[in-house]
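Below is one structure; the comments refer to it alone.
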Amino acid sequence: MGVVAQSLQREEGPYLPSFTFSSSSSLKDQMVKKFSKNKHLNVKRCIEQYGAASHSSDPDFLIGIERLCRHANSICSNTFAENSYVFLLVLDKVHHHQTNEYVQDQWDAQQKKTVKDLLKELEVGLPKTYLHIPNNFDFSIGGKSVDFAKYWTARLVELSSFTVNINKRIPFQQNFEHQDTYQLRIFLGFDTMRVTEPSTGKEASLYVYSRQSGRLITQYDDARTLLKLSAGGTMFCQGLTIIIDDIGGHLPLNPTKEQIAFGEEDRGEVYKDNLFAWVGCIVHFYYNHQLDKFGKKKTALTKKVAELSDNLQTSGLKSLDSSSFTTYQLTSKPIGQNIRVDKSSVKEKPGKDTLYRLKASKSSGTKSSKAASATSAATTKPGRKRKATNIELQQLSDDIPRRKKPVSYRETETDEEEDGEVGGSDDDRKQPARRATQNGRGNANDSTDQSMSENTKTTEEQAARDPYTKAYYMDLCGDLTQRRLKDKAKIKDLKKKVKQLEKQIKEE
(Lines give C-alpha, C1' and ligand atoms only; values in the text may rest on other atoms or scores of the structure.)
Protein backbone atom coordinates (compact mmCIF):
# COMPACT_ATOMS: atom_id res chain seq x y z
CA MET A 1 0.00 0.00 0.00
CA GLY A 2 1.30 3.47 -0.91
CA VAL A 3 0.30 6.81 0.55
CA VAL A 4 0.44 10.08 -1.40
CA ALA A 5 -0.36 13.13 0.74
CA GLN A 6 0.59 16.78 0.70
CA SER A 7 1.10 16.79 4.45
CA LEU A 8 3.90 14.21 4.11
CA GLN A 9 6.06 16.34 1.84
CA ARG A 10 9.17 18.16 3.08
CA GLU A 11 11.53 20.72 1.56
CA GLU A 12 14.35 18.17 1.35
CA GLY A 13 12.41 16.09 -1.16
CA PRO A 14 9.22 14.15 -1.91
CA TYR A 15 8.13 11.41 0.46
CA LEU A 16 5.98 8.57 -0.86
CA PRO A 17 5.87 5.81 1.77
CA SER A 18 4.75 2.27 0.88
CA PHE A 19 3.92 -0.75 3.02
CA THR A 20 3.65 -4.51 2.51
CA PHE A 21 1.18 -6.80 4.24
CA SER A 22 0.78 -10.58 4.25
CA SER A 23 -2.31 -12.73 3.89
CA SER A 24 -1.43 -14.94 6.85
CA SER A 25 -3.14 -12.76 9.48
CA SER A 26 -5.81 -10.11 9.80
CA LEU A 27 -5.12 -7.15 7.55
CA LYS A 28 -6.75 -4.78 10.04
CA ASP A 29 -4.51 -5.96 12.87
CA GLN A 30 -1.40 -5.60 10.70
CA MET A 31 -2.32 -2.04 9.76
CA VAL A 32 -3.13 -0.99 13.32
CA LYS A 33 0.18 -2.40 14.58
CA LYS A 34 2.33 -0.92 11.78
CA PHE A 35 0.83 2.57 11.72
CA SER A 36 0.90 2.87 15.52
CA LYS A 37 4.71 2.92 15.50
CA ASN A 38 6.40 6.26 16.17
CA LYS A 39 8.18 6.34 12.80
CA HIS A 40 4.83 6.16 10.98
CA LEU A 41 2.86 8.62 13.07
CA ASN A 42 2.67 11.09 10.13
CA VAL A 43 1.06 8.35 8.00
CA LYS A 44 -1.27 7.51 10.89
CA ARG A 45 -2.56 11.11 10.90
CA CYS A 46 -3.33 10.77 7.17
CA ILE A 47 -5.34 7.61 7.87
CA GLU A 48 -7.19 9.41 10.65
CA GLN A 49 -8.19 12.12 8.20
CA TYR A 50 -9.34 9.39 5.82
CA GLY A 51 -11.52 8.09 8.65
CA ALA A 52 -13.49 11.35 8.58
CA ALA A 53 -15.87 10.19 5.86
CA SER A 54 -17.69 13.52 5.70
CA HIS A 55 -16.81 17.13 6.40
CA SER A 56 -18.69 17.13 9.67
CA SER A 57 -17.04 13.92 10.92
CA ASP A 58 -14.04 13.90 13.25
CA PRO A 59 -10.79 12.19 12.26
CA ASP A 60 -10.86 8.53 13.28
CA PHE A 61 -7.93 6.14 12.93
CA LEU A 62 -9.93 2.89 13.21
CA ILE A 63 -12.59 4.00 10.73
CA GLY A 64 -9.81 4.91 8.31
CA ILE A 65 -8.28 1.42 8.73
CA GLU A 66 -11.66 -0.22 8.11
CA ARG A 67 -12.16 1.77 4.90
CA LEU A 68 -8.71 0.74 3.66
CA CYS A 69 -9.47 -2.92 4.42
CA ARG A 70 -12.70 -2.76 2.41
CA HIS A 71 -10.78 -1.43 -0.59
CA ALA A 72 -8.20 -4.18 -0.24
CA ASN A 73 -10.91 -6.83 -0.11
CA SER A 74 -12.58 -5.40 -3.22
CA ILE A 75 -9.49 -5.87 -5.39
CA CYS A 76 -8.94 -9.37 -4.03
CA SER A 77 -12.51 -10.47 -4.70
CA ASN A 78 -13.57 -12.95 -7.39
CA THR A 79 -13.46 -10.21 -10.07
CA PHE A 80 -9.70 -9.80 -9.84
CA ALA A 81 -8.72 -13.04 -8.08
CA GLU A 82 -7.08 -14.52 -11.21
CA ASN A 83 -5.06 -11.42 -12.08
CA SER A 84 -1.40 -11.32 -11.08
CA TYR A 85 -1.10 -7.53 -11.18
CA VAL A 86 -3.89 -5.40 -9.70
CA PHE A 87 -3.82 -1.87 -8.32
CA LEU A 88 -6.42 0.47 -6.86
CA LEU A 89 -6.15 4.24 -6.64
CA VAL A 90 -8.24 5.93 -3.92
CA LEU A 91 -8.71 9.71 -3.98
CA ASP A 92 -9.82 11.43 -0.79
CA LYS A 93 -10.87 15.00 0.01
CA VAL A 94 -10.93 16.01 -3.65
CA HIS A 95 -11.34 19.76 -4.18
CA HIS A 96 -12.04 21.62 -7.40
CA HIS A 97 -8.92 23.49 -8.49
CA GLN A 98 -10.90 26.75 -8.74
CA THR A 99 -12.56 26.43 -5.34
CA ASN A 100 -10.82 28.12 -2.42
CA GLU A 101 -13.43 27.36 0.22
CA TYR A 102 -16.51 25.21 0.26
CA VAL A 103 -19.72 26.61 1.67
CA GLN A 104 -20.18 25.03 5.10
CA ASP A 105 -23.61 23.48 4.57
CA GLN A 106 -22.85 22.43 0.97
CA TRP A 107 -19.41 20.90 1.47
CA ASP A 108 -20.32 17.26 0.92
CA ALA A 109 -22.54 17.98 -2.11
CA GLN A 110 -19.85 20.12 -3.75
CA GLN A 111 -17.22 17.51 -3.09
CA LYS A 112 -19.34 14.76 -4.64
CA LYS A 113 -19.88 16.88 -7.75
CA THR A 114 -16.16 17.59 -8.01
CA VAL A 115 -15.35 13.89 -7.74
CA LYS A 116 -17.95 13.03 -10.36
CA ASP A 117 -16.56 15.62 -12.78
CA LEU A 118 -13.02 14.40 -12.19
CA LEU A 119 -13.94 10.78 -12.86
CA LYS A 120 -15.71 11.81 -16.06
CA GLU A 121 -12.63 13.73 -17.18
CA LEU A 122 -10.40 10.74 -16.45
CA GLU A 123 -12.75 8.42 -18.30
CA VAL A 124 -12.35 10.49 -21.47
CA GLY A 125 -8.75 11.62 -21.02
CA LEU A 126 -7.01 8.34 -20.17
CA PRO A 127 -7.72 6.55 -23.50
CA LYS A 128 -6.43 9.63 -25.32
CA THR A 129 -3.31 9.84 -23.14
CA TYR A 130 -2.25 6.19 -23.37
CA LEU A 131 -2.00 4.82 -26.89
CA HIS A 132 -0.83 1.22 -26.48
CA ILE A 133 -2.79 -0.26 -23.60
CA PRO A 134 -3.36 -3.94 -24.53
CA ASN A 135 -6.86 -5.34 -24.88
CA ASN A 136 -6.40 -7.66 -21.87
CA PHE A 137 -5.77 -4.70 -19.57
CA ASP A 138 -8.87 -4.25 -17.40
CA PHE A 139 -9.24 -0.68 -16.19
CA SER A 140 -12.34 0.80 -14.57
CA ILE A 141 -13.29 4.23 -13.23
CA GLY A 142 -16.10 4.41 -10.73
CA GLY A 143 -16.97 0.81 -11.53
CA LYS A 144 -17.22 1.51 -15.29
CA SER A 145 -14.79 -0.26 -17.63
CA VAL A 146 -12.56 1.95 -19.80
CA ASP A 147 -11.91 0.87 -23.39
CA PHE A 148 -8.55 2.33 -24.44
CA ALA A 149 -8.94 1.19 -28.06
CA LYS A 150 -12.17 3.13 -28.45
CA TYR A 151 -10.78 6.66 -28.47
CA TRP A 152 -8.90 6.76 -31.79
CA THR A 153 -9.99 3.58 -33.56
CA ALA A 154 -13.69 4.34 -33.17
CA ARG A 155 -13.60 7.95 -34.31
CA LEU A 156 -11.00 8.21 -37.10
CA VAL A 157 -12.27 7.86 -40.67
CA GLU A 158 -9.99 6.14 -43.23
CA LEU A 159 -7.51 5.29 -40.45
CA SER A 160 -4.20 4.43 -42.13
CA SER A 161 -0.72 3.48 -40.97
CA PHE A 162 2.64 4.61 -42.40
CA THR A 163 6.24 3.85 -41.44
CA VAL A 164 9.10 6.23 -42.30
CA ASN A 165 12.85 6.16 -41.68
CA ILE A 166 14.35 9.02 -39.66
CA ASN A 167 18.02 10.00 -39.56
CA LYS A 168 19.12 11.99 -36.51
CA ARG A 169 22.33 13.51 -37.85
CA ILE A 170 22.37 13.85 -41.65
CA PRO A 171 19.91 16.08 -43.58
CA PHE A 172 17.51 14.07 -45.72
CA GLN A 173 18.73 15.90 -48.85
CA GLN A 174 22.14 14.27 -48.35
CA ASN A 175 20.99 10.89 -47.06
CA PHE A 176 17.84 9.75 -48.81
CA GLU A 177 18.81 6.08 -49.05
CA HIS A 178 17.71 5.50 -45.45
CA GLN A 179 21.13 4.70 -44.01
CA ASP A 180 21.64 4.78 -40.24
CA THR A 181 17.97 5.50 -39.56
CA TYR A 182 15.26 4.31 -37.21
CA GLN A 183 11.59 3.64 -37.93
CA LEU A 184 8.84 6.01 -36.89
CA ARG A 185 5.19 5.06 -37.24
CA ILE A 186 2.49 7.53 -38.27
CA PHE A 187 -1.28 7.06 -38.06
CA LEU A 188 -3.60 9.30 -40.08
CA GLY A 189 -7.35 9.76 -40.23
CA PHE A 190 -10.19 12.28 -40.16
CA ASP A 191 -11.75 12.81 -36.72
CA THR A 192 -15.50 12.66 -37.31
CA MET A 193 -16.16 13.87 -33.75
CA ARG A 194 -14.17 17.07 -34.28
CA VAL A 195 -15.89 17.74 -37.60
CA THR A 196 -19.37 17.56 -36.07
CA GLU A 197 -18.55 19.48 -32.86
CA PRO A 198 -19.00 23.24 -33.51
CA SER A 199 -16.76 24.34 -30.63
CA THR A 200 -13.66 22.38 -31.73
CA GLY A 201 -11.07 23.28 -34.34
CA LYS A 202 -11.00 21.42 -37.65
CA GLU A 203 -7.34 22.07 -38.51
CA ALA A 204 -4.76 19.32 -38.87
CA SER A 205 -3.89 18.28 -35.30
CA LEU A 206 -0.69 16.46 -34.36
CA TYR A 207 -0.33 14.14 -31.35
CA VAL A 208 3.09 12.83 -30.31
CA TYR A 209 3.26 9.61 -28.27
CA SER A 210 6.50 8.45 -26.65
CA ARG A 211 7.22 4.80 -25.85
CA GLN A 212 9.87 6.01 -23.41
CA SER A 213 7.28 7.71 -21.19
CA GLY A 214 4.44 5.47 -22.34
CA ARG A 215 1.98 8.25 -23.06
CA LEU A 216 1.02 11.37 -25.00
CA ILE A 217 3.76 13.94 -24.46
CA THR A 218 2.62 16.88 -26.58
CA GLN A 219 0.03 17.95 -29.14
CA TYR A 220 -0.34 20.71 -31.73
CA ASP A 221 -3.90 21.85 -32.41
CA ASP A 222 -2.85 23.24 -35.82
CA ALA A 223 0.32 21.60 -37.12
CA ARG A 224 0.18 22.84 -40.73
CA THR A 225 2.92 25.44 -40.34
CA LEU A 226 5.11 23.04 -38.36
CA LEU A 227 4.84 20.48 -41.18
CA LYS A 228 5.36 23.13 -43.91
CA LEU A 229 1.92 22.61 -45.37
CA SER A 230 -0.45 25.18 -46.82
CA ALA A 231 -2.12 26.94 -43.89
CA GLY A 232 -4.51 29.04 -45.95
CA GLY A 233 -8.27 28.58 -45.89
CA THR A 234 -9.52 25.09 -45.08
CA MET A 235 -6.68 23.09 -46.59
CA PHE A 236 -5.65 20.12 -44.40
CA CYS A 237 -8.64 20.64 -42.13
CA GLN A 238 -11.77 18.46 -42.07
CA GLY A 239 -10.69 17.06 -38.69
CA LEU A 240 -7.41 15.72 -40.09
CA THR A 241 -5.58 13.92 -37.26
CA ILE A 242 -1.89 12.95 -37.23
CA ILE A 243 -0.51 10.54 -34.63
CA ILE A 244 3.25 10.09 -34.23
CA ASP A 245 4.03 6.75 -32.58
CA ASP A 246 7.65 6.54 -31.42
CA ILE A 247 7.64 2.75 -31.50
CA GLY A 248 11.37 2.45 -30.74
CA GLY A 249 11.49 5.04 -27.96
CA HIS A 250 13.98 7.27 -29.81
CA LEU A 251 12.42 10.70 -29.22
CA PRO A 252 14.42 12.74 -26.67
CA LEU A 253 12.27 14.21 -23.91
CA ASN A 254 12.64 17.12 -21.51
CA PRO A 255 12.80 16.40 -17.72
CA THR A 256 9.02 16.65 -17.28
CA LYS A 257 8.47 14.41 -20.33
CA GLU A 258 6.03 16.92 -21.82
CA GLN A 259 7.99 18.05 -24.89
CA ILE A 260 10.43 16.68 -27.44
CA ALA A 261 13.90 17.94 -26.48
CA PHE A 262 15.74 18.06 -29.82
CA GLY A 263 18.39 20.16 -28.08
CA GLU A 264 19.51 17.04 -26.21
CA GLU A 265 20.81 15.59 -29.50
CA ASP A 266 24.19 16.45 -31.05
CA ARG A 267 22.52 17.74 -34.23
CA GLY A 268 19.09 18.51 -32.86
CA GLU A 269 18.02 20.94 -35.61
CA VAL A 270 18.83 18.40 -38.33
CA TYR A 271 16.94 15.73 -36.41
CA LYS A 272 13.91 18.02 -36.04
CA ASP A 273 13.91 19.03 -39.72
CA ASN A 274 14.18 15.42 -40.88
CA LEU A 275 11.39 14.21 -38.63
CA PHE A 276 8.84 16.89 -39.52
CA ALA A 277 9.80 16.80 -43.22
CA TRP A 278 8.90 13.11 -43.36
CA VAL A 279 5.70 13.58 -41.37
CA GLY A 280 4.75 16.51 -43.63
CA CYS A 281 5.39 14.36 -46.71
CA ILE A 282 3.04 11.63 -45.50
CA VAL A 283 0.34 14.10 -44.47
CA HIS A 284 0.56 15.95 -47.82
CA PHE A 285 0.16 12.71 -49.77
CA TYR A 286 -2.60 11.26 -47.58
CA TYR A 287 -4.76 14.38 -47.59
CA ASN A 288 -4.55 14.96 -51.34
CA HIS A 289 -5.11 11.26 -52.00
CA GLN A 290 -8.40 11.37 -50.07
CA LEU A 291 -9.35 14.75 -51.54
CA ASP A 292 -8.93 13.39 -55.08
CA LYS A 293 -11.75 10.93 -54.37
CA PHE A 294 -14.15 13.89 -54.24
CA GLY A 295 -12.87 15.80 -57.24
CA LYS A 296 -10.69 17.98 -54.98
CA LYS A 297 -13.84 19.40 -53.37
CA LYS A 298 -13.15 20.04 -49.67
CA THR A 299 -16.83 20.57 -48.90
CA ALA A 300 -17.71 17.12 -50.22
CA LEU A 301 -14.95 15.54 -48.13
CA THR A 302 -16.11 17.34 -44.99
CA LYS A 303 -19.69 16.25 -45.56
CA LYS A 304 -18.71 12.61 -46.00
CA VAL A 305 -16.60 12.59 -42.81
CA ALA A 306 -19.47 14.17 -40.85
CA GLU A 307 -21.97 11.61 -42.16
CA LEU A 308 -19.97 8.74 -40.69
CA SER A 309 -20.39 10.11 -37.14
CA ASP A 310 -23.92 8.70 -36.99
CA ASN A 311 -22.77 5.07 -37.04
CA LEU A 312 -19.67 4.86 -34.88
CA GLN A 313 -18.63 1.40 -33.74
CA THR A 314 -18.08 1.15 -29.98
CA SER A 315 -17.53 -2.56 -29.33
CA GLY A 316 -15.14 -5.25 -30.49
CA LEU A 317 -12.34 -2.74 -31.09
CA LYS A 318 -8.65 -3.63 -31.02
CA SER A 319 -5.66 -1.58 -29.94
CA LEU A 320 -3.58 0.24 -32.55
CA ASP A 321 -0.72 -2.24 -32.13
CA SER A 322 -2.87 -5.28 -32.81
CA SER A 323 -4.91 -3.74 -35.65
CA SER A 324 -4.41 -4.03 -39.40
CA PHE A 325 -5.09 -0.61 -40.90
CA THR A 326 -4.84 0.58 -44.50
CA THR A 327 -1.24 0.90 -45.70
CA TYR A 328 0.41 2.28 -48.83
CA GLN A 329 3.40 1.35 -50.92
CA LEU A 330 5.12 4.63 -51.76
CA THR A 331 8.20 6.07 -53.41
CA SER A 332 9.35 9.49 -52.21
CA LYS A 333 11.91 12.05 -53.31
CA PRO A 334 13.35 15.28 -51.86
CA ILE A 335 12.11 18.53 -53.41
CA GLY A 336 13.93 21.53 -51.96
CA GLN A 337 13.15 21.70 -48.24
CA ASN A 338 10.33 19.17 -48.53
CA ILE A 339 9.81 15.51 -49.33
CA ARG A 340 7.03 14.48 -51.67
CA VAL A 341 5.50 11.18 -52.80
CA ASP A 342 5.71 10.06 -56.42
CA LYS A 343 2.01 9.56 -57.19
CA SER A 344 2.74 7.12 -60.00
CA SER A 345 4.24 4.69 -57.48
CA VAL A 346 1.30 4.59 -55.05
CA LYS A 347 -0.27 1.23 -54.25
CA GLU A 348 -2.99 1.11 -51.60
CA LYS A 349 -3.61 -1.94 -49.41
CA PRO A 350 -6.94 -1.63 -47.53
CA GLY A 351 -6.86 -2.75 -43.91
CA LYS A 352 -9.54 -4.94 -42.37
CA ASP A 353 -9.53 -2.86 -39.16
CA THR A 354 -10.07 0.47 -40.90
CA LEU A 355 -13.70 0.77 -39.86
CA TYR A 356 -14.83 3.73 -41.97
CA ARG A 357 -13.80 4.16 -45.59
CA LEU A 358 -14.07 7.22 -47.79
CA LYS A 359 -15.73 6.00 -50.97
CA ALA A 360 -14.53 7.52 -54.21
CA SER A 361 -17.01 9.91 -55.76
CA LYS A 362 -18.78 8.56 -58.86
CA SER A 363 -18.03 11.71 -60.82
CA SER A 364 -15.02 13.83 -60.04
CA GLY A 365 -14.51 17.33 -61.39
CA THR A 366 -12.37 15.95 -64.23
CA LYS A 367 -14.94 13.39 -65.29
CA SER A 368 -17.71 15.94 -65.22
CA SER A 369 -15.68 18.23 -67.44
CA LYS A 370 -15.06 15.43 -69.94
CA ALA A 371 -18.74 14.50 -69.94
CA ALA A 372 -19.72 18.09 -70.60
CA SER A 373 -17.28 18.28 -73.50
CA ALA A 374 -18.63 15.05 -74.95
CA THR A 375 -22.22 16.29 -74.68
CA SER A 376 -21.32 19.58 -76.34
CA ALA A 377 -19.55 17.79 -79.19
CA ALA A 378 -22.53 15.47 -79.70
CA THR A 379 -24.93 18.38 -80.06
CA THR A 380 -22.77 20.26 -82.57
CA LYS A 381 -23.91 19.90 -86.16
CA PRO A 382 -21.59 17.81 -88.36
CA GLY A 383 -19.34 19.73 -90.67
CA ARG A 384 -19.48 22.94 -88.65
CA LYS A 385 -16.91 24.15 -86.17
CA ARG A 386 -18.08 24.85 -82.63
CA LYS A 387 -18.09 28.55 -81.85
CA ALA A 388 -16.02 29.90 -79.00
CA THR A 389 -15.53 33.30 -77.51
CA ASN A 390 -12.22 35.03 -77.98
CA ILE A 391 -11.69 36.66 -74.61
CA GLU A 392 -8.85 38.82 -75.87
CA LEU A 393 -10.97 40.38 -78.63
CA GLN A 394 -13.92 40.98 -76.30
CA GLN A 395 -11.77 43.17 -74.12
CA LEU A 396 -10.74 45.47 -77.00
CA SER A 397 -12.25 48.88 -77.57
CA ASP A 398 -15.52 49.16 -79.47
CA ASP A 399 -13.60 50.80 -82.30
CA ILE A 400 -11.54 47.69 -82.93
CA PRO A 401 -13.19 45.55 -85.64
CA ARG A 402 -14.58 42.15 -84.73
CA ARG A 403 -15.38 39.07 -86.68
CA LYS A 404 -18.95 37.97 -87.12
CA LYS A 405 -17.72 34.54 -86.05
CA PRO A 406 -15.30 34.99 -83.11
CA VAL A 407 -11.93 33.30 -83.25
CA SER A 408 -11.64 29.94 -81.47
CA TYR A 409 -8.57 29.08 -79.45
CA ARG A 410 -7.61 26.91 -76.52
CA GLU A 411 -7.01 28.36 -73.10
CA THR A 412 -3.64 27.73 -71.51
CA GLU A 413 -3.59 25.00 -68.87
CA THR A 414 -2.96 25.99 -65.28
CA ASP A 415 -2.12 23.88 -62.24
CA GLU A 416 -4.22 24.14 -59.11
CA GLU A 417 -2.13 24.93 -56.08
CA GLU A 418 -2.67 23.45 -52.62
CA ASP A 419 -4.63 26.46 -51.43
CA GLY A 420 -6.98 26.27 -54.41
CA GLU A 421 -5.57 29.27 -56.28
CA VAL A 422 -4.93 29.08 -59.99
CA GLY A 423 -1.45 29.90 -61.29
CA GLY A 424 -0.43 31.55 -64.57
CA SER A 425 0.20 35.15 -65.62
CA ASP A 426 -1.63 37.42 -68.04
CA ASP A 427 1.14 36.91 -70.58
CA ASP A 428 0.60 33.14 -70.43
CA ARG A 429 -3.09 33.53 -71.12
CA LYS A 430 -2.37 35.82 -74.11
CA GLN A 431 -0.25 33.23 -75.90
CA PRO A 432 -3.15 31.32 -77.56
CA ALA A 433 -4.55 34.55 -79.00
CA ARG A 434 -1.13 35.45 -80.37
CA ARG A 435 -0.75 32.02 -81.94
CA ALA A 436 -4.21 32.34 -83.46
CA THR A 437 -3.25 35.72 -84.89
CA GLN A 438 0.05 34.42 -86.27
CA ASN A 439 -1.70 31.56 -88.06
CA GLY A 440 -3.72 34.03 -90.13
CA ARG A 441 -6.79 34.06 -87.87
CA GLY A 442 -6.18 37.49 -86.35
CA ASN A 443 -8.54 40.41 -86.05
CA ALA A 444 -10.10 41.82 -89.23
CA ASN A 445 -13.06 43.97 -90.05
CA ASP A 446 -16.60 42.83 -90.76
CA SER A 447 -16.55 43.60 -94.45
CA THR A 448 -13.75 41.18 -95.31
CA ASP A 449 -14.50 38.38 -92.79
CA GLN A 450 -16.55 36.16 -95.11
CA SER A 451 -14.04 36.33 -97.94
CA MET A 452 -11.19 35.60 -95.54
CA SER A 453 -12.99 32.49 -94.24
CA GLU A 454 -13.60 31.14 -97.75
CA ASN A 455 -10.09 31.79 -99.05
CA THR A 456 -7.98 30.85 -96.02
CA LYS A 457 -5.98 28.20 -97.82
CA THR A 458 -5.39 30.43 -100.85
CA THR A 459 -4.35 33.33 -98.66
CA GLU A 460 -1.85 31.20 -96.75
CA GLU A 461 -0.32 29.88 -99.97
CA GLN A 462 -0.03 33.38 -101.44
CA ALA A 463 1.39 34.79 -98.20
CA ALA A 464 3.90 31.93 -98.09
CA ARG A 465 5.23 33.07 -101.50
CA ASP A 466 5.73 36.55 -100.08
CA PRO A 467 7.29 36.19 -96.56
CA TYR A 468 7.75 39.91 -96.12
CA THR A 469 4.07 40.67 -96.74
CA LYS A 470 2.93 37.81 -94.51
CA ALA A 471 5.25 38.82 -91.67
CA TYR A 472 4.16 42.44 -91.93
CA TYR A 473 0.49 41.42 -91.93
CA MET A 474 0.95 39.24 -88.84
CA ASP A 475 2.82 41.99 -87.04
CA LEU A 476 0.01 44.48 -87.61
CA CYS A 477 -2.66 42.03 -86.48
CA GLY A 478 -0.57 41.03 -83.50
CA ASP A 479 -0.37 44.65 -82.44
CA LEU A 480 -4.16 44.91 -82.59
CA THR A 481 -4.63 41.86 -80.35
CA GLN A 482 -1.68 41.99 -77.97
CA ARG A 483 -1.18 45.65 -77.21
CA ARG A 484 -4.86 46.65 -77.09
CA LEU A 485 -4.26 49.99 -78.70
CA LYS A 486 -6.49 52.74 -77.38
CA ASP A 487 -5.41 55.56 -79.64
CA LYS A 488 -8.25 55.81 -82.20
CA ALA A 489 -6.09 57.51 -84.78
CA LYS A 490 -3.52 54.71 -84.70
CA ILE A 491 -6.20 52.05 -84.82
CA LYS A 492 -7.87 53.58 -87.89
CA ASP A 493 -4.52 53.89 -89.60
CA LEU A 494 -3.67 50.27 -88.90
CA LYS A 495 -7.10 49.14 -90.09
CA LYS A 496 -6.56 51.01 -93.32
CA LYS A 497 -3.20 49.35 -93.88
CA VAL A 498 -4.68 45.94 -93.14
CA LYS A 499 -7.39 46.47 -95.76
CA GLN A 500 -4.79 47.52 -98.31
CA LEU A 501 -2.70 44.41 -97.59
CA GLU A 502 -5.73 42.12 -97.82
CA LYS A 503 -6.70 43.67 -101.12
CA GLN A 504 -3.15 43.29 -102.41
CA ILE A 505 -3.02 39.63 -101.38
CA LYS A 506 -6.32 38.90 -103.11
CA GLU A 507 -5.17 40.54 -106.31
CA GLU A 508 -2.00 38.43 -106.31
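The values are calculated or read from the model by the stated rules, or taken from the named source; none is laboratory data. Here the structure is a predicted model, which means the values were calculated and not measured. Cβ placement follows ideal geometry from the backbone for every residue including glycine, while neighbour counts extend to all protein chains displayed. Each accessible area value is taken on the protein alone, full model and side chains, heavy atoms only, with ligands, DNA and RNA left out. Shrake-Rupley method; radii C 1.70, N 1.55, O 1.52, S 1.80 Å.
Taken together, 254, 288 contain a single residue that is modelled with pLDDT under 90 and either of a type in the set (Val, Ile, Thr) or closer than 30 Å to residue 168 by Cα (or both), which is 254.
Criterion applied to 204, 261, 277 was being small (Gly, Ala, Ser) and open to solvent by less than 10 Å² (accessible area, probe 1.4 Å), and the one residue passing it is 204. Applying the criterion of being over 15 Å from residue 275 (Cα atoms) and among the polar types (S, T, N, Q) to the residues of the stretch 326-344, the residue that is least open to solvent (accessible area, probe 1.4 Å) is 326.
Here's the yes/no breakdown for (1) modelled with pLDDT of 80 or more; (2) over 22 Å from residue 41 (Cβ atoms); (3) acidic (Asp, Glu); (4) in contact with a strand residue (DSSP E or B) (Cβ under 6 Å, 6 or more places away or on another chain):
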{"position": "54", "(1), (2), (3), (4)": "no, yes, no, no"}
{"position": "67", "(1), (2), (3), (4)": "yes, no, no, no"}
{"position": "81", "(1), (2), (3), (4)": "no, yes, no, no"}
{"position": "90", "(1), (2), (3), (4)": "yes, no, no, no"}
{"position": "101", "(1), (2), (3), (4)": "no, yes, yes, no"}
{"position": "104", "(1), (2), (3), (4)": "no, yes, no, no"}
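One line per residue, one yes/no per condition, for (1) exposed (fewer than 11 other Cβ atoms within 10 Å of the Cβ); (2) more than 28 Å from residue 112 (Cβ to Cβ):
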site: 17; (1), (2): no, yes
site: 37; (1), (2): yes, yes
site: 47; (1), (2): no, no
site: 62; (1), (2): no, no
site: 67; (1), (2): no, no
site: 72; (1), (2): no, no
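Residue pairs whose Cβ atoms lie under 9 Å apart, sitting 6 or more positions apart in sequence or on different chains, and linking a residue in the stretch 273-284 that is over 11 Å from residue 337 (Cα atoms) to a partner that is part of a helix (DSSP H, G or I), are 275/262.
You will find that of 229, 251, the residue that is part of a loop (DSSP other than H, G, I, E, B), more than 17 Å from residue 129 (Cβ to Cβ) and open to solvent by less than 30 Å² (accessible area, probe 1.4 Å) is 229 and no other.
Given the residues 195, 270, 208, which is the only one that is under 22 Å from residue 340 (Cβ atoms) and not polar (S, T, N, Q)?
On the way: 195 fails: under 22 Å from residue 340 (Cβ atoms); 208 fails: under 22 Å from residue 340 (Cβ atoms).
After ruling out the rest, the residue left standing is 270.
When the stretch 232-248 is filtered for residues that are farther than 19 Å from residue 189 by Cα and crowded, with 21+ Cβ neighbours inside 10 Å, nothing remains. In the set (1) in contact (Cβ under 8 Å) with a residue 24 or more places away in the chain; (2) within 26 Å of residue 257 (Cα to Cα), residue 181 fails one condition alone, (1). Say we look at the stretch 207-224 and pick out the residues that are over 14 Å from residue 247 (Cβ atoms) and part of a loop (DSSP other than H, G, I, E, B); which of these is farthest from the chain's Cα centre (by Cα)? Of everything passing the filter in the stretch 207-224, 221 is farthest from the chain's Cα centre (by Cα).
Against the criterion of being closer than 30 Å to residue 110 by Cα and either at pLDDT below 90 or out of contact with any strand residue (DSSP E or B) (no Cβ under 8 Å at 6 or more places or on another chain) (or both), residue 25 does not qualify.
In the stretch 131-154, the qualifying residues are those that are assigned to a loop (DSSP other than H, G, I, E, B) and either touching a strand residue (DSSP E or B) at 6+ places or on another chain (Cβ under 6 Å) or among the aromatic types (Phe, Trp, Tyr) (or both), and the one that is farthest from residue 71 (Cα to Cα) is 131.
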